[in-house]
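What follows is a single structure, written as structure tokens, with notes after it.
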Amino acid sequence: MTTTSDIEDMIARMAIGDRAAFEGLYAATSAKLFGVCLRVLGNRAEAEDALQEAFVKIWRNADRYRVNGLSPMTWLITVTRNHSVDRVRARRSKMGAGLDEAADVADSRPGPEALAIAASDRGRIVDCMGQLDPDKAGAVRRAYLEGETYQELADHYDVPLNTVRTWLRRSLLKLRECLSHDG
Amino acid sequence: MTDEFDRDEEHALTAEYVLGLLTEDETAAYEDVLSVDPDLRTEYAFWADRIVALTDDIAPVAPPPHVLTRIRETIFHEAAGDASRGAGGSWLRRLGLLPAMAGGLVAALLVLWVFTTMMPPTDGGDAALTYVAQIAADDDSLVVQASFDAAAGSLSVDRQVGAAPAGRALELWLIAGDNPPVSLGVMPEDRTATMPVSADLASQLSGGTLAISDEPAGGSTTGAPTGAVLATGQVTDA
């Protein structure tokens, strides 16, 4: 099983150009990260491109990983999620706001080499999200996992942009309050 | 109250940043502060580490093998460069470098330093050193130093020790990958001089090999080296 410190070590070695470390990191994390790309982009070809580009970024920025204080899986997922969101937004602005071809994600099955990655105690966010109004929790998920902007959330919930921003910020503070009671 | 307001504002902004809800300007402003404020980085890490848990229930999916192939091609591009430099070696053998070194056709140690510098406009700051190449043979009777000025598109050559054999000329060649050598021109008789380099050739300098051959006065007339290759130097990132 690949542990958090294994991943940290691989990132550190990638920073000095260690190819074996890259191969190890890819084997350990690519299935999870590809899942994230598929979830955000909902399209296999685009998800493949996004994963490729995310790993190139990870390789090139490995030396800066330590500065940001994130746990290694958080960093890897954040880079991948942010890159996928950039792509989904570029696609939407190209197509005009509107329908995502949702799609072939449903066919996705966990790959055989999916490795277990030490999960931090993350159950807390599920509890805390559960304490939010379902609309607000839904908006947080839409922003994070679909890359929706305030404008898109406003359209979706059919409220003015400023209103959605106000209520989402209030919900986020409530979420933070709950999360900070984290054991 | 103000403190509390600021703290709430900081918390909310950070959450919005992590969710990607800030505008481009807000994001840039946030990142400016993030880069210098350790407290904000702590807040950012707090949110990032927890929000990422929203991906916990996303099932892993093995990506198809060609994705890994494409990533390797991109990030190990230097590896491809190494391979072509290796192939370049066959050219060097054809050019007769190895016999030249072994037999001492020219008793020389030729050190060729090539500094490929991205020169800023003349009023700019320090030049950024991007490439260095070095060649050494048996003794130190010839030393050449050169630097590439990208802005001017020219190679400055400083022949610090040694010279062409009497009645002969030194010609400089670029070998990019497995391509045949392309002439960069005959090195002027002056110890220091500049040699123009076309943009096309300049773009091939990185990872390439430079060679100097012994040619008739005026240089090779065939478009390829005709005399002994006296030395070569690999262009590497500085």
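The values are calculated or read from the model by the stated rules, or taken from the named source; none is laboratory data. Predicted model only: the values in this text are computed from it and were never measured. All Cβ positions, glycine included, derive from the backbone under ideal geometry; neighbour counts span all protein chains shown.
Condition test on A:Ile11, is it more than 11 Å from chain B (Cβ to nearest Cβ), in contact with a helix residue (DSSP H, G or I) (Cβ under 9 Å, 6 or more places away or on another chain), more than 29 Å from A:Glu152 (Cα to Cα) and surrounded by 19 or more Cβ atoms within 10 Å (Cβ to Cβ)?
Yes: the conditions hold for A:Ile11.
Sort out which residues of the range B:177-231 are among the charged types (D, E, K, R), over 23 Å from B:Leu142 (Cα atoms) and surrounded by fewer than 14 Cβ atoms within 10 Å (Cβ to Cβ), and write them in order of number.
Within the range B:177-231, just B:Asp200 meets the criteria.
Given the criterion out of contact with any strand residue (DSSP E or B) (no Cβ under 9 Å at 6 or more places or on another chain), basic (Lys, Arg) and at pLDDT below 95, identify the matching residue among A:Arg122, A:Arg142.
Criteria check complete, one pass: A:Arg122.
Is it the case, given these coordinates, that A:Ala27 is modelled with pLDDT of 95 or more and surrounded by fewer than 22 Cβ atoms within 10 Å (Cβ to Cβ)?
Judged against the criteria, A:Ala27 is a match.
Results for (1) at pLDDT 95 or above; (2) closer than 19 Å to A:Arg64 by Cα, shown as yes or no for each residue.
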position: A:Asp9; (1), (2): no, yes
position: A:Asp18; (1), (2): no, yes
position: A:Phe22; (1), (2): yes, yes
position: A:Arg44; (1), (2): yes, no
position: A:Asp49; (1), (2): yes, no
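Please work out if A:Ala20 is outside the structural domain of A:Leu145 (by TED's automatic domain parsing), out of contact with any helix residue (DSSP H, G or I) (no Cβ under 9 Å at 6 or more places or on another chain) and free of Cβ contacts under 8 Å to residues at least 40 places away in the same chain.
No; evaluated as a whole, the condition is false for this residue.
Could you tell me which residue of the range A:140-152 is farthest from the chain's Cα centre (by Cα), considering only residues that are facing chain B (nearest Cβ under 9 Å) and part of a helix (DSSP H, G or I)?
A:Tyr150
Please specify each residue of the range A:51-71 satisfying the condition of being over 22 Å from B:Phe76 (Cβ atoms) and either of a type in the set (A, V, I, L, M, F, W, C) or modelled with pLDDT of 95 or more (or both).
Within the range A:51-71, A:Val67, A:Leu70 qualify.
Restricting to the range B:171-205, give me the number of residues that are touching a Pro at 6+ places or on another chain (Cβ under 7 Å) and part of a loop (DSSP other than H, G, I, E, B).
Looking only at that region, the number is 1.
Need a quick list: helices (runs of 4 or more DSSP H) entirely within the range B:1-77 having at least 2 residues that are surrounded by fewer than 21 Cβ atoms within 10 Å (Cβ to Cβ), facing another protein chain (nearest Cβ under 8 Å) and among the hydrophobic types (A, V, I, L, M, F, W, C).
Filter on the range B:1-77 gives B:38-51, B:65-75.
I need the full set of residues from the range A:153-165 which are at the interface with another protein chain (Cβ under 10 Å from one of its Cβ atoms) and surrounded by fewer than 20 Cβ atoms within 10 Å (Cβ to Cβ), in order please.
A:Arg165
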